[in-house]
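First comes the structure, then the notes that go with it.
The values are calculated or read from the model by the stated rules, or taken from the named source; none is laboratory data. The structure presented is a predicted model; accordingly, all values stated were derived computationally and were not measured. Heads up, the Cβs are rebuilt from the backbone with ideal geometry, glycines too, and the neighbour counts pull from every protein chain shown.
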């Protein structure tokens, strides 16, 4: 069984070694460029996800602070007729803390989705390419 070149159907055993090495070099260069492009795209996507999660953490902090300052006074005064001032303040603080906690958990989940910040698809693809190259080298020796 002859080893065929996918590009033009020639028997690879009949081609000069210099030409084969040149083709290998060109194809390796193309493959490396494609793998780098894949890694860049994957890292950009993970960076966007991490940015969203970090933004949610920031929003949770700002919302918690502003709500604590503005609405706390309103709700304490609203509850003042039903419970003592200290109890009204405690109830309002607990509600705001719960809201901030939910936002923080959502932000944490978004950050977890973006980790690990390793381009996993590109790494897997490179491993497949190395395995393919080993297979091709072994079959060319036979």
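Just the residues that are over 20 Å from residue 47 (Cα atoms), surrounded by fewer than 16 Cβ atoms within 10 Å (Cβ to Cβ) and touching a helix residue (DSSP H, G or I) at 6+ places or on another chain (Cβ under 8 Å), please, taken from the stretch 98-117. Once the filter is applied, which keeps residues that are over 20 Å from residue 47 (Cα atoms), surrounded by fewer than 16 Cβ atoms within 10 Å (Cβ to Cβ) and touching a helix residue (DSSP H, G or I) at 6+ places or on another chain (Cβ under 8 Å), the stretch 98-117 yields only 99. Check whether at least one residue in the stretch 108-125 is closer than 30 Å to residue 11 by Cβ, assigned to a helix (DSSP H, G or I), modelled with pLDDT under 85 and out of contact with any strand residue (DSSP E or B) (no Cβ under 9 Å at 6 or more places or on another chain), and report yes or no. Yes, the stretch 108-125 contains a residue that is closer than 30 Å to residue 11 by Cβ, assigned to a helix (DSSP H, G or I), modelled with pLDDT under 85 and out of contact with any strand residue (DSSP E or B) (no Cβ under 9 Å at 6 or more places or on another chain). For the stretch 53-66, state whether one or more residues are over 32 Å from the mean Cα position of the chain (by Cα) and either exposed (fewer than 11 other Cβ atoms within 10 Å of the Cβ) or touching a residue at least 40 places away in the same chain (Cβ under 8 Å) (or both). There is no residue in the stretch 53-66 that is over 32 Å from the mean Cα position of the chain (by Cα) and either exposed (fewer than 11 other Cβ atoms within 10 Å of the Cβ) or touching a residue at least 40 places away in the same chain (Cβ under 8 Å) (or both). When 35, 42 are checked against the criterion of being modelled with pLDDT of 85 or more, surrounded by 13 or more Cβ atoms within 10 Å (Cβ to Cβ) and more than 30 Å from residue 21 (Cα to Cα), 42 stands alone in meeting it.
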